[in-house]
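Okay, so here's the structure we're looking at.
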Amino acid sequence: MKKKLIAGNWKMNGSLVANESLLQSLLAGIGQPACQVAVCVPAVYLAQCQALLKGGVIELGAQDISSHEGGAFTGEISPAMLKEFGLRYAIVGHSERRQYHGETDELVAAKAQSALASGITPIVCVGETLAEREAGKTEEVVKRQLAAVISTNGHCISEVVVAYEPVWAIGTGLSATAEQAQQVHAVLRAQLKAATPNADRIKLLYGGSMNAANAASLLAQPDIDGGLIGGAALKPKDFLAIIAAAA
Ligand code: 13P
């Protein structure tokens, strides 16, 4: 059976002291998890987190990755640089980057390609805003966002992780219901099936106010293969409870 993946997205949170305390608590409580676990940390803390995690059960991810290999791109971080820290995952196209940093579907697709070329698994985020949902455009939006990644990455699409994160559910405490999430995941799965015979092995994560209380029902859905967790990933007890719910 496909193992679920629970990934924390720390966003722009943390400090040397706070990270150490959080990771020590997670390592002390995690045991041998039945699912895969990762934390996507701010790039400046990759070295610290790599040293604390020691290549153990919690894997490391970044929150963004450059679409360029190197050179005159001030502020960007290349895939090769990230790889030096033992990175397994890179989030690409998070709605906060689409919204505040002008990332387009094409740029997100290029970032996914850049990650894949370096052996880093991109966690590609898609999701609709509240206005788009209310206008009945949810399917159209997530399909458009995923189509760009499929067309740029060809047969490599079976190596990506996709995260459905409805923008209205992020950081609001208002999670999608398990049924709402499953409905969109089924649409994404069908789109991937049309693109690759390996679509069933692609992990589809749900993100948006997932917490210790709602994780089990979301993760019980047939097309929900894990979670991308924001706020609750900063609280060891909550993150460990979500990991336990993914067993
Ligand atoms: P919250 O879990 O805080 O809603 O954030 C979800 C998210 O954006 C993960 O990438």
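Bear in mind these aren't lab numbers, they're just calculated from the coordinates by the rules spelled out. All values reported here derive from a predicted model rather than from experimental measurement. Here the Cβ is made from the backbone with ideal geometry for all residues, glycine too, and neighbour counts use every protein chain on show.
Which count do you get for residues in the stretch 122-149 that are buried (at least 23 other Cβ atoms within 10 Å of the Cβ), among the hydrophobic types (A, V, I, L, M, F, W, C) and more than 13 Å from the ligand (Cβ to nearest atom)? Qualifying residue count for the region: 3.
Within the stretch 1-41, the set of residues being closer than 27 Å to Val162 by Cβ, touching a strand residue (DSSP E or B) at 6+ places or on another chain (Cβ under 8 Å) and in a helix (DSSP H, G or I) comprises Leu23, Leu26, Ile30. Against the test of being farther than 18 Å from Arg133 by Cβ and within 13 Å of the ligand (Cβ to nearest atom), the options Asn211, Asn153 yield a single qualifying residue, Asn211.
Tell me, please, whether a residue that is touching a Gly at 6+ places or on another chain (Cβ under 9 Å) and away from the ligand (no atom under 16 Å from the Cβ) can be found in the stretch 158-181. If you could, list the steps in order and put the result at the bottom.
We begin by selecting, within the stretch 158-181, every residue touching a Gly at 6+ places or on another chain (Cβ under 9 Å); these are 161, 163-176, 181.
Imposing the further condition that a residue be away from the ligand (no atom under 16 Å from the Cβ) reduces the set to none.
Within the stretch 158-181 (the criterion being touching a Gly at 6+ places or on another chain (Cβ under 9 Å) and away from the ligand (no atom under 16 Å from the Cβ)), the answer is no, since none of the residues qualifies.
Annotation note: of Glu128, Glu165, Glu139, the sole residue that is of a type in the set (Asp, Glu), touching a residue at least 12 places away in the same chain (Cβ under 8 Å), in contact with a Cys (Cβ under 8 Å, 6 or more places away or on another chain) and over 15 Å from Tyr89 (Cα atoms) is Glu165. Candidates in the stretch 66-98 are the residues that are under 17 Å from the mean Cα position of the chain (by Cα) and of a type in the set (Lys, Arg); of these, the one that is farthest from Leu146 (Cα to Cα) is Arg88. In the stretch 188-231, of all residues being in contact with an Asp or Glu (Cβ under 7 Å, 6 or more places away or on another chain) and in contact (Cβ under 8 Å) with a residue 60 or more places away in the chain, the one that is surrounded by the fewest Cβ atoms within 10 Å (Cβ to Cβ) corresponds to Lys203.
Per this entry, Ile65 is counted among residues that are within 25 Å of Gly93 (Cβ to Cβ) and within 16 Å of the ligand (Cβ to nearest atom). Taking the listed residues Gln99, Gln48, the one that is surrounded by fewer than 21 Cβ atoms within 10 Å (Cβ to Cβ) and in contact with a Leu (Cβ under 9 Å, 6 or more places away or on another chain) is Gln48, with no other qualifying.
Among the residues of the stretch 229-240, is any away from the ligand (no atom under 13 Å from the Cβ) and farther than 28 Å from Leu23 by Cβ? No, that holds for no residue. Please indicate, with yes or no, whether at least one residue in the stretch 46-57 is within 15 Å of the chain's Cα centre (by Cα) and not in a loop (DSSP other than H, G, I, E, B). No: zero hits. All conditions but one from (1) buried (at least 17 other Cβ atoms within 10 Å of the Cβ); (2) closer than 25 Å to Gly171 by Cβ apply to Leu53; the one that does not is (2).
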